Amino acid sequence: MKKILAFLAVIVSMSLFLSACDFELFLTSDYRKFDNLYNKIQDGKNISKEEVFDILGYPHCYFSNDDENWQYYTYDNKESFEENLFRADANEWVYECWKYQDPADPYRLNISFDEEGKVTDASFEVIPGG
């Protein structure tokens, strides 16, 4: 009986520990990087496209607003993707990751840039219907 109670006490204490740490231990490394960069942007840090690229690498996709015509680039065409990535009109980069290892929990980081390549805005949120 004492062994059963001790086992239950361990289970209860572990569940309390895990709920108290909000599963921070289980966050993916991509989520941590995205969240860290997003918080820097929200704090007003002046970040360039090159810095974003150095921290996060290639975006999942990006949008270019050339003469009011939105172009959507994905990594499917690697040459065109890399060639246009740092153009002044490639002004929105999109990154995607999972918060935990569970693919049912996808997040998207959208980063907007001005013509000089500086971050102007960012959003980091759950992908609806993920």
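FYI, it's all coordinate maths here, none of it is from the lab. Keep in mind that this is a model prediction, so the values were computed, not measured. Cβ: placed from backbone, ideal geometry, glycine included. Neighbour counts: every protein chain shown.
A crude spin-label estimate for the pair GLU50 and PHE26, with each label 7 Å from Cα along the Cβ direction, gives 4.1 nm.
If the chain linking ASP102 and SER13 were pulled fully straight, counting 0.36 nm for each residue of separation and taking away their Cα-Cα distance, it would gain 29.6 nm.
Note that the stretch 78-119, at 4 °C in a medium of 1.567 mPa s, gets a Stokes-Einstein diffusion coefficient of 109 µm²/s from its Kirkwood radius over C-alpha pairs.
For the stretch 26-126, the calculated P(r), taken from all Cα-Cα distances in 5 Å bins from zero up to the bin holding the longest distance, is 2, 13, 24, 25, 19, 12, 5, 1, 0 percent. In plain terms, the residue of TRP98, TRP93 with the fewest other Cβ atoms within 10 Å comes first and the most crowded comes last, giving TRP98, TRP93.
Once C-alpha pairs closer than 8 Å and six or more residues apart are averaged by separation and normalised to the residue number of the stretch 26-126, the relative contact order reads 30 percent.
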